[in-house]
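Everything on this sheet refers to the single structure shown next.
The values are calculated or read from the model by the stated rules, or taken from the named source; none is laboratory data. Fair warning: this is a prediction, and the values are worked out from it, not measured in the lab. Glycine gets a Cβ as well: all are built from the backbone with ideal geometry, and neighbour counts include every protein chain shown. Note: areas computed on protein heavy atoms with side chains; ligands, DNA, RNA excluded. Shrake-Rupley method; radii C 1.70, N 1.55, O 1.52, S 1.80 Å.
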Amino acid sequence: MNTPLRVAVIGAGRMGADHIDRIHHRIHGAEVAAVVDIDKPRAEAAVAHIPGAVAHTDVQEILDRGEVDALLVATPGFLHEDVLLAALEHGLPTLCEKPLTPDAASSWRVVQAEVAAGRQLIQVGFMRRFDAGYRSLRRLIQDKTYGELLTLHHQHRNATAPPGFTTEMLINDSVVHEFDAVRFFTGEEIRNVQVRIGRSTRNAPDGQRDPQLVLMETESGILAQVEVYLNAQFGYQVATQASFETGIVGIGGDVEPYVRTAGTWGGSVAPSFEERFVEAYDLELQDWINAAARGEIGGPSAWDGYATAACCEAGVQAQTSGEIVPVQLQRKPEIYA
Ligand code: ISE
């Protein structure tokens, strides 16, 4: 048996803790060797039940000791760039939770550093690409099973937005997934973005504008429309309906089982993304570990992270201008071909 890949998880918050548990209990070929968090007690609590794992407050310390083989970055986006550049310098395979970085310029710097390193080491945590429904819809689009894809209709609803979640974050933190999903489904870049904001729910915190409608156009003219609604109260829902020339396909419907009892019918709604995408996250991590052991990445690349950051920038501009805003992209480097 090969020795397990020693992973350092950077950030032991909501997503980091979820991934620590996943690697420790469900992923083959990897172990949590270290957890880094500026909050020392939080890092210590995260490793308390993992024999041999160490807690740190500084990423550089972990890198200098040379005792890890891969990084999983789950800190807030504004902290990603420095860690990613250091990971590239040390040649470490890295899974970085979305967004790659908070803006297109810094994402482009990461892409350029990876190009200079000469190989792909960074995978971005767009977990939806590992969801069974997402994969089947992509296949139907590629195979033209129902003719050409014409339009996409996405619903992205959360029960409540966390405190401090701004109007811009609806684009940068939530719709970023849809930008990637549309690119994944169609295999095309997004040409432009428009955002309309109408009546807001009284349940939105601190002046946040929620819901919002986002319309994007791909290179070949496919229109994709998103309702992002983060204080929808009822639970979590991420679903897509695709209109083809000879069929309509829906994915992300409600979770089974569907029950009839006591004069009612229905089922339960996932409370949040951890439950809705649990299988996708497991598959994402397993594929990443398997690929890292081969010296490859197993999913969306730094280019995907950069391209979606450019879409977000256009989206945030469109929130205030109301205009159709073009997405500005650099030329795609060879290593991402
Ligand atoms: C969160 O960061 C995610 O990535 C979830 O998938 C998304 O539904 C949520 O809106 C974001 O805040």
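Scan the chain and report its longest stretch carrying no chymotrypsin sites (Phe, Trp or Tyr not before Pro) that are both in a DSSP loop and have at most 11 other Cβ atoms within 10 Å. Segment 1-233 is the longest. If both residues of a DSSP beta bridge must be in the stretch 127-254, then about 75% of such bridges are antiparallel.
Diagonalising the gyration tensor over the Cα atoms of the stretch 180-267 and scaling each eigenvalue by 5 before taking the square root yields semi-axes of 28, 23, 10 Å, largest first. What the phi angles of the stretch 216-226 give under the Karplus curve with 6.51, -1.76 and 1.60, with θ = phi - 60°, is a coupling list of 10, 10, 8, 4, 8, x, 6, 9, 10, 10, 10 Hz, glycine and proline written as x.
Each of Asp254 and Asp21 was given a label point 7 Å from its Cα along the Cα-to-Cβ line. The distance between the two points is 2.5 nm. Element breakdown for the chain at a 1.4 angstrom probe: carbon and sulfur atoms account for 50% of the accessible area. Taking amide hydrogens as placed 1.01 Å from N in the peptide plane, the amide H of Cys96 sits under 5 Å from those of Val73, Gln123, Val124, Gly125, each at least 5 positions away in sequence or on another chain. Paramagnetic label reach from Ser321 (point 7 Å along Cα→Cβ; backbone nitrogen cut-off under 13 Å): within the stretch 175-209, residues 192-195. Expressed to the nearest 5 percent, the antiparallel share of DSSP beta bridges inside the chain is 50 percent.
Look at the dipole of the stretch 80-227 built from charges on Cβ: of Thr167, Gly133, Gln112, the Cα furthest out on the positive end belongs to Gly133. In whole angstrom, the stretch 93-173 maps to an equivalent ellipsoid with semi-axes of 27, 23, 12, each derived as √(5λ) from the alpha carbon gyration tensor and ordered largest first.
Amide H contacts of Thr167: Arg209, each under 5 Å away and 5 or more positions distant or on a separate chain (H built 1.01 Å from N in the peptide plane; Pro and chain starts excluded).
Tell me the angle of helix 104-117 to the major Cα principal axis of the chain, expressed in degrees between 0 and 90 and rounded to the nearest ten. Once rounded, one gets 50 degrees. What the Cα atoms of the stretch 31-166 give is an Rg and a Dmax of 18.7, 56 Å.
Loop-located trypsin sites (Lys or Arg not before Pro) in the stretch 1-80 (DSSP state not H, G, I, E or B) with no more than 12 neighbouring Cβ atoms inside 10 Å: Arg26. Using a Gaussian network model of the chain in which every pair of alpha carbons under 10 angstrom is joined by a spring, one finds that among Ile122, Ile324, Ile171 the greatest mean-square fluctuation is at Ile324. Its Cα gyration tensor gives the stretch 150-209 an equivalent ellipsoid; the semi-axes, largest first and in whole Å, are 25, 12, 11. Maximal additional length on extending the Arg199-Asp82 stretch stands at 38.2 nm, based on 0.36 nm per residue less the C-alpha distance. Computing FRET efficiency as 1/(1 + (r/R0)^6) for Gln233 and Glu279, where r is the C-beta to C-beta distance and R0 is 30 Å, gives about 0.75.
The C-alpha atoms of the chain define a longest principal axis, and helix 132-143 lies at about 60 degrees to it.
Quarter the surface of the alpha carbon convex hull of the chain and you get the mean projected area, 19.4 square nanometres.
Counting 0.36 nm for each residue step from Thr264 to Gln112 and taking away their Cα separation leaves a gain of 49.0 nm. Identify which of Gln112, Gln194, Gln319 has the largest mean-square fluctuation in a Gaussian network model of the chain, with springs joining Cα atoms closer than 10 Å. Between Gln112, Gln194, Gln319, it is Gln112 that shows the largest mean-square fluctuation. Could you give the angle, 0 to 90 degrees to the nearest 10, between helix 14-25's Cα long axis and the longest principal axis of the Cα atoms of the chain? Tilt relative to the chain: about 60 degrees.
The modelled label-to-label distance for the pair Ala48/Glu245, using points 7 Å beyond Cα in the direction of Cβ, is 6.1 nm.
Between amide H atoms placed 1.01 Å from N, distances below 5 Å from Asn231 occur with Asn158, all of them 5 or more places distant or on a separate chain.
Using only the C-alpha atoms of the stretch 74-119, find the volume of their convex hull and express it per residue in Å³. Residue-normalised Cα hull volume stands at 63 Å³. Taking every alpha-carbon pair in the stretch 120-238 and binning the separations at 10 Å intervals from zero gives 13, 42, 32, 13, 1 percent.
Along the Cα-to-C-beta direction of Glu189, a point sits 7 Å from the Cα; which residues of the stretch 195-224 have their amide N less than 18 Å from that point? Inside the label zone: 216-224. Taking all Cα pairs closer than 8 Å and separated by 6 or more residues, the relative contact order of the stretch 1-151 comes to 18 percent.
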